[in-house]
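Below you'll find the structure, written out as structure tokens, and then a few comments.
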Amino acid sequence: MVNSTVGVIFSNIHDENIPQLSRQRTMASIPFGGRYRLIDFALSNMVNAGITTVGLVTKYNYQSLIDHLGSGKDWDLARKDGGIILLPPYSDETDTPYTNRLEALKGITGFLMRRKEDYVVISDCDGVARIDISDVVRYHVENHADITMVYHQEVGENDSPYFISLTPDDTGRIKSLQINPKVTGEYNLYVNIMVITREFLLSIIQDAITRGLSSFGRDILVKNVNTLKIYGYRFNGYYAGVKSVQKYYQHSMELLNRDVRAELFGARDIYTKVRDSAPSKYSEDAVVKDSLISDGCIIEGRVENCILFRGVKVGKGSVIKNSIIMQDTVIGSGVELDCVLTDKNVVIRDRRHLAGCEVEPYFIAKGRML
């Protein structure tokens, strides 16, 4: 079944959720966990399921994403037939980039028509999870579903600007869908991963074009929930939705929990671009506790409860706590940081004292010097 499945990944759909980190890159290429990008999770889930052709829908700011993916060899997708196929942000009929998911799907109908696979797995890049996509496809086929939506049970309020809550019946068929409802207590969150029959997807896209529909969620899913065979696949593992910079910080820091790391990076690999960096170097005075330290770092100070990406330098006498420091950031001597989130290539000069809090980390944009 999975051998007859093609993947489609949206790289830009949720950029507005976390503008601090997506001003110069796509949502898909936001760094995560010291060495990964958000797209690594969606792409690895597909590769682990045996999917060998993935269409990547882009829009803007995707140069860093292309640099990260390269030929696709790190995901075993450097292939003459299939592999990673970059899809433009507009169709043959228009030179205007898409503004929503349905317009993007209209723009890739040529790609979908040329494929021979029976099923399409559609995924966004706003979630961190290790999901068995082959099991989702199997569930879709066994239920003879038109659409299968993956969901995760959440508790509490949702602060995302756009989300879908769903309610399945005892058989798994979805009986109601709500967009941005007021939620309290437990609810079922659609995690923006879907399996759909390819021919059926083409037919609803053509119908949307004919009728001038504009929203995939409202005009297709919600309005047809009682007529289409839409099933929900419940995912019970670890899921982290990156809906804001606060959620990015929170879920990043969860990686310091050994159980979370074991579940996320356990039985099946999460692949990423391999770099031949030198090992990290620690001076005699360095102290590191409860932290994730990537390759190529030079640490001469104290680091506690932090995530350091590749090539970070921490000067003598500096104390870095509860912070996420991205690639090639240089921290001078005598610096104190607490609950700080830096983008790449930041320079923090000597004796600076900066602090945020867990719900509002102090953010420093890419390339800044303080």
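So here's what we get for this one:
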{"quantity": "Alpha-carbon Debye profile of the stretch 261-370, log10 I(q)/I(0) at 0.11, 0.13, 0.16, 0.22 Å⁻¹", "calculated": "-0.34, -0.46, -0.69, -1.20"}
{"quantity": "Residue-span extension gain [Glu186 to Asp159] - 0.36 nm each, minus C-alpha spacing", "calculated": "8.3 nm"}
{"quantity": "Per residue solvent-accessible surface (Å²) - the chain, probe of 1.4 Å", "calculated": "45"}
{"quantity": "Column: log10 I(q)/I(0), Debye, Cα scatterers of the stretch 63-208, q = 0.10, 0.22 Å⁻¹", "calculated": "-0.44, -1.55"}
{"quantity": "C-alpha long axis of helix 198-211 to longest principal axis of the chain, angle in °", "calculated": "80"}
{"quantity": "For a label point 7 Å along the Cα-to-beta-carbon line of Gln178, residues of the stretch 224-253 with backbone N under 18 Å", "calculated": "224-226, 232"}
{"quantity": "Long-range HN-HN contacts of Ser176 with modeled amide H, under 5 Å", "calculated": "Thr167"}
{"quantity": "Distance (nanometres) between label positions extended 7 Å along Cα→Cβ at Asp269 and Asp207", "calculated": "4.2"}
{"quantity": "For Met113, solvent-accessible area (1.4 Å; no DNA, RNA or ligand), Å²", "calculated": "130"}
{"quantity": "Area of Phe216 that stays accessible when all protein chains are in place (1.4 Å probe, Å², to 10)", "calculated": "10"}
{"quantity": "Acute angle (nearest 10 degrees) that the helix 39-48 long axis makes with the longest principal axis of the chain, alpha-carbon atoms", "calculated": "60"}
{"quantity": "Gain upon complete extension [Glu199, Glu360; 0.36 nm per residue less C-alpha separation]", "calculated": "53.4 nm"}
{"quantity": "Accessible-area value, Leu213, 1.4 Å probe, nucleic acids and ligands omitted, Å²", "calculated": "30"}
{"quantity": "Reach of Lys223 by Cα under 22 Å, taken over lysines that are not fewer than 8 positions away in the same chain", "calculated": "Lys106, Lys175, Lys182"}
{"quantity": "Helix axis angle, 133-142 relative to the chain longest principal axis, alpha carbon, degrees", "calculated": "20"}
{"quantity": "Alpha carbon convex hull of the stretch 270-324, volume per residue in cubic angstrom", "calculated": "76"}
{"quantity": "Among 342-351, 274-283, the order from most to least packed when residues are scored by Cβ within 10 Å on average", "calculated": "342-351, 274-283"}
{"quantity": "Against the rule of thumb 2.2 N^0.38 Å, how large the Cα Rg of the stretch 30-135 comes out", "calculated": "1.08"}
{"quantity": "Under 5 Å, built H, 5+ apart or other chain: amide partners of Tyr271", "calculated": "Ser44"}
{"quantity": "Radius of gyration and Dmax over the Cα atoms of the chain, both given in Å", "calculated": "21.5, 70"}
{"quantity": "Tyr60, Tyr239, reordered so the largest accessible area comes first (probe 1.4 Å)", "calculated": "Tyr60, Tyr239"}
{"quantity": "Cross-link partners of Lys366 among lysines (Cα-Cα below 17 Å; sequence separation of 8 or more within a chain)", "calculated": "Lys313, Lys344"}
{"quantity": "Carbon + sulfur, % of accessible area of the chain - ligands and nucleic acids excluded, 1.4 Å", "calculated": "45"}
{"quantity": "Backbone HN-Hα couplings from phi across the stretch 111-123 [Karplus 6.51/-1.76/1.60, Hz, Gly and Pro as x]", "calculated": "4, 5, 5, 7, 6, 10, 5, 7, 10, 10, 9, 10, 9"}
{"quantity": "In Hz, Karplus ³J(HN,Hα) per residue of the stretch 55-60 (6.51, -1.76, 1.60; θ = phi - 60°; x = Gly, Pro)", "calculated": "x, 9, 8, 10, 9, 7"}
{"quantity": "Residue-by-residue Karplus 3J(HN,Hα) for the stretch 228-245, coefficients 6.51, -1.76, 1.60, Hz, glycine and proline x", "calculated": "8, 8, 9, 10, x, 9, 7, 9, 9, x, 6, 9, 10, x, 8, 9, 6, 5"}
{"quantity": "Fraction of antiparallel bridges per DSSP, the chain only, in percent to nearest 5", "calculated": "35"}
{"quantity": "Directionally averaged projected area (convex hull, Cα atoms, the stretch 1-74), nm²", "calculated": "5.1"}
{"quantity": "Highest-first arrangement of 259-265, 240-246, 45-51, where packing means the average Cβ count within 10 Å", "calculated": "45-51, 240-246, 259-265"}
{"quantity": "Packing-based ranking, highest mean first, of 222-234, 15-27 given that Cβ atoms within 10 Å are counted", "calculated": "15-27, 222-234"}
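The values are calculated or read from the model by the stated rules, or taken from the named source; none is laboratory data. It should be emphasised that the depicted structure is a prediction, and the values quoted were computed from it without experimental measurement. Methodologically, a virtual Cβ is constructed for each residue, glycine included, from the backbone with ideal geometry; neighbour enumeration extends over all protein chains shown. For the accessible areas, the whole protein counts, side chains as well, though only heavy atoms, and no ligand, DNA or RNA atoms are used. Shrake-Rupley method; radii C 1.70, N 1.55, O 1.52, S 1.80 Å.
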